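Worksheet for the structure shown next.
Every read-out reported here was derived from the displayed coordinates using simple, explicitly stated rules and does not represent laboratory data. Note that the structure is a prediction, hence the values are computed from the model and not measured. Neighbour counts run over all protein chains shown; Cβ positions are idealised from the backbone, glycine included.
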Amino acid sequence: MKSVGRMGIHYLQRLNAENVPKELIQKGQARVIEASLTLIRERAKLKGELLRALGGVAASASLLGVPLGHNSSFLQGPAFAPPRIREAIWCGSTNSTTEEGKDLNDPRVLTDVGDVPVQELRDCGVDDDRLMNIISESVKLVMEEDPLRPLVLGGDHSISFPSVRAVSEKLGGPVDILHLDAHPDIYDAFEGNKYSHASSFARIMEGGYARRLLQVGIRSITKEGREQGKRFGVEQYEMRTFSKDRNLLENLKLGEGVKGVYISVDVDCMDPAFAPGVSHIEPGGLSFRDVLNILQNLKGDVVAADVVEFNPQRDTVDGMTAMVAGKLVRELTAKISK
């Protein structure tokens, strides 16, 4: 997997070694970037026009896949997650209705604008600075087509930074973030990588894109994680005190006075008994129903969300974690759509 993750870097090095003119490389990259954004733009426009013609909808969740795994510090399997999550959402073993009764077959509830072609962009030598900008721009393209709201399928957790940045910039102010995870992902630059999946929330807080950041399910946190939390004023709820915090967390009210609520769910927030298909297996987590209780009881205008860090390469034979991730997406769809 490491070799797959570095394909784009090696390809660019080969081009440079063969003295391919820099201007030629840059023009080619620009064309690929524009083609990538055009595909997202036109898909979002088509879905937005359909919903506006149908009428009767104020907000509709729209799936945007970001198959990025190279910023993982351990395994890169999350890059393969978006298609597996989609497969689980529409699996014939269950029906298309969410727990609160919304039908996913209704485009006013759920649409899909496809994937950001991450590997193709990296194959052309697009670096992470530009890749993060492309992800942000893709999220904004979805938001431009009212009433679409982005529900991003990761990918590793590094995608949350460009996604939250896009939402905050597009709405014109900070959001409140509910972050469910075993880890705080707030290192300054984990292993020297400022875009590491373990550093995404440091970038978010530095940028001023969040007013409040609530981190729930934490049970693998270092001294730096706690210090960074204090530095940014993060509200960290660790699993060791969950029984005491449960009533608060299952009755959250967020988003008042800001542009809305962003929800980020790392699948490893749950105990591996419920979701073994993750890169970082950390016992002692939330149950699936704990997560749904927190999400379903949350009061606030959810303007966007992501589901990240599902690793199909570590899933069980019957795809249990894929179904868990798919159900999370289904219930987040119900939360967003109205």
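Observations, loosely collected:
- Convex hull per residue volume in Å³, alpha carbons only, for the chain: 129
- Close amide H contacts of Ile218 (hydrogens built in the peptide plane, cut-off under 5 Å, sequence separation of 5 or more or a different chain): Asp181, Tyr237, Met239.
- Using the Cβ of Glu235 as centre and a radius below 12 Å, the other residues enclosed give a net charge of 0, where K and R count +1 and D and E count -1.
- Computing FRET efficiency as 1/(1 + (r/R0)^6) for Glu42 and Val20, where r is the C-beta to C-beta distance and R0 is 30 Å, gives about 0.45.
- Under 5 Å between amide hydrogens, built in the peptide plane, is the criterion, and for Phe310 it picks out Val267 among residues at least 5 positions away or on other chains.
- Antiparallel DSSP beta bridges within the chain, percent to nearest 5: 10
- Length added when fully stretched, Asn133-Arg246, from 0.36 nm per residue minus Cα-Cα: 37.0 nm
- Calculated from backbone phi, Karplus (6.51, -1.76, 1.60) coupling profile of the range 158-170 in Hz, x at Gly/Pro: 5, 6, 5, 4, x, 5, 5, 4, 4, 4, 5, 5, 5
- Computed 3J(HN,Hα) for the range 283-290, one whole-Hz value per residue from the Karplus formula 6.51 cos²θ - 1.76 cosθ + 1.60 where θ = phi - 60°, is x, x, x, 5, 7, 4, 5, 4, glycine and proline marked x.
- Highest-fluctuation residue, Arg211, Arg165, Arg149 considered, GNM on the chain with Cα pairs under 10 Å: Arg211
- Overall form of the range 236-338 per C-alpha gyration tensor (a/c, 1.5; a/b vs b/c): oblate
- Partner aspartates and glutamates for Lys223 [C-alpha distance under 20 Å; skip if fewer than 8 residues away on the same chain]: Asp181, Asp185, Asp188, Glu191, Glu206, Glu235, Glu238, Glu282
- Taking amide H as placed 1.01 Å from N in the peptide plane, Leu63 has its amide H under 5 Å from the amide H of Thr111, Asp112, Val113, Leu151, each at least 5 places away in sequence or on another chain.
- For the range 111-120, Karplus couplings with θ = phi - 60° (6.51, -1.76, 1.60), whole Hz, Gly/Pro x: 10, 8, 10, x, 10, 6, x, 4, 5, 4
- Mean-position separation - Cα centroids, the range 148-214 and the range 92-122, in angstrom: 22
- Springs between Cα atoms under 10 Å define the GNM used for the chain, and in it the highest mean-square fluctuation of Leu24, Leu249, Leu151 occurs at Leu24.
- Note on Lys47: aspartates and glutamates with a C-alpha under 19 Å away, same-chain residues under 8 apart excluded, are Asp103, Asp106, Asp112, Asp115, Glu137, Glu144, Glu145, Asp146.
- Within-10-Å neighbourhood charge of Ala81 [Cβ basis; K, R +1; D, E -1]: -1
- Per-peptide average of other Cβ atoms within 10 Å, ordering 186-196, 296-306 highest first: 296-306, 186-196
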